[in-house]
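Report on the following structure.
The values are calculated or read from the model by the stated rules, or taken from the named source; none is laboratory data. Just so it is clear, the structure is predicted and the values come from calculations on it, not from any experiment. Here the Cβ is made from the backbone with ideal geometry for all residues, glycine too, and neighbour counts use every protein chain on show. Ligands, DNA and RNA are excluded from the accessible area calculation, which covers all protein heavy atoms including side chains. Shrake-Rupley method; radii C 1.70, N 1.55, O 1.52, S 1.80 Å.
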Amino acid sequence: RRCFCGGASRSFCGDDLGRSRSHAAATTARASDPHQQRRQHPSQQHQQPQQQQLPRFYVETSLASNLVHLEGKEATHATKVLRLRESSELELCDGKGNVSRCTILSVGGARGGRGRGGRVTLSVLGESRRVDFEGVKWNLCVASGSLKGSRGDWLVEKATELGAWSFQPILTDHSSKMGGHGAAAEATSGREERWKRLAVAASKQSLRPHFLHIKPAVTLDDLLSSASAGSVVLAAHQTGPPLLSVGRGLSDNGAGVIREGTLLVGPEGDFSARELDLFEA
């Protein structure tokens, strides 16, 4: 089921969703049973409650400046939805792991008036805080060209919330509708831009300090041929072992702690026989 070739380890990882759901149900049952709850240490019983999380906004500008502005939808959300006013505090994040605490200096409408799409001027308090990316930097590659309706949008949102480093559509033998020329290329470009906006919105909901990177579509052949030596490439397949056991197997074989890798998910018709041969080539 697993082979090491060309400096890249390529494995088939099966679906362990049923086991995960059973574990989650058992965990919930234990948590709801008062006799199963763990007693708190005396030192924990007198701890002060955690400070309330400040609302977080995302900007594409550098946080090194003392003054930063919120404009457009971000400004509208701050003033109209959250009703923040002068002297209110909030957090700014640049989507690259830098977070700064700020206070509102002034609130103004568009072109100096009060209205939708106004401008909020912020003062940065102290130096920004660097938040490193936690976990494995997985490049999630999915044959999503055959997904209909809003399923692709839902996939990007969940990939963001679950902590993927990047998302990249792949073109396979059974799913090659994404990309092309003319109107098809324009539609693909528009879909990527929408996915970027959805990734930012999902980052806000999950307070994620690093944006999900949306990469352009690529063929499976090109993706595998460009895999660097020593990289980990895992392909989901119905005949493969559970993902957790694959990870433990890589560690046992001297791969050490996995820092980054690629997860491949095929189309509705799964990978073709030719593509399965590529994983073992």
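So the values come out like this:
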{"read-out": "Test for Leu234: is it modelled with pLDDT of 80 or more, closer than 30 Å to Tyr58 by Cα and not in a loop (DSSP other than H, G, I, E, B)", "value": "no"}
{"read-out": "Condition met for Thr219 (at pLDDT 90 or above and touching a helix residue (DSSP H, G or I) at 6+ places or on another chain (Cβ under 8 Å))", "value": "no"}
{"read-out": "Number of the condition not met by Arg194 [criteria: (1) at pLDDT 90 or above; (2) touching a Lys or Arg at 6+ places or on another chain (Cβ under 9 Å)]", "value": "(2)"}
{"read-out": "Qualifying residues in the stretch 265-281 (those that are in contact with a strand residue (DSSP E or B) (Cβ under 6 Å, 6 or more places away or on another chain) and open to solvent by 40 Å² or more (accessible area, probe 1.4 Å)) - the one modelled with the highest pLDDT", "value": "Val265"}
{"read-out": "Members of the stretch 67-92 that are open to solvent by 70 Å² or more (accessible area, probe 1.4 Å), assigned to a loop (DSSP other than H, G, I, E, B) and within 11 Å of Phe57 (Cβ to Cβ)", "value": "Leu82"}
{"read-out": "Members of the stretch 205-217 found to be over 9 Å from the mean Cα position of the chain (by Cα) and buried (at least 17 other Cβ atoms within 10 Å of the Cβ), listed by number", "value": "Pro209, Ile214, Ala217"}
{"read-out": "Any hit, the stretch 158-176, residues being assigned to a helix (DSSP H, G or I), open to solvent by less than 60 Å² (accessible area, probe 1.4 Å) and either at pLDDT below 90 or within 26 Å of Ser62 (Cβ to Cβ) (or both)", "value": "yes"}
{"read-out": "Whichever residue in the stretch 111-127 is open to solvent by 50 Å² or more (accessible area, probe 1.4 Å) and either part of a loop (DSSP other than H, G, I, E, B) or aliphatic (A, V, I, L, M) (or both) and, among such residues, is modelled with the lowest pLDDT", "value": "Arg114"}
{"read-out": "Conditions (1) open to solvent by less than 80 Å² (accessible area, probe 1.4 Å); (2) closer than 17 Å to Val200 by Cα: number failed by Ser100", "value": "(2)"}
{"read-out": "Where a residue in the stretch 215-230 is closer than 16 Å to Asp173 by Cβ and its partner, wherever it lies, is at pLDDT below 90 and in a loop (DSSP other than H, G, I, E, B), with Cβ under 7 Å and at least six apart", "value": "Ala217/Met178; Ala217/Gly179"}
{"read-out": "In the stretch 128-157, the residues that are outside any loop (DSSP other than H, G, I, E, B), within 25 Å of Asn98 (Cβ to Cβ) and of a type outside the set (Asp, Glu)", "value": "Ser128, Arg129, Arg130, Lys137, Trp138, Asn139, Leu140, Val156"}
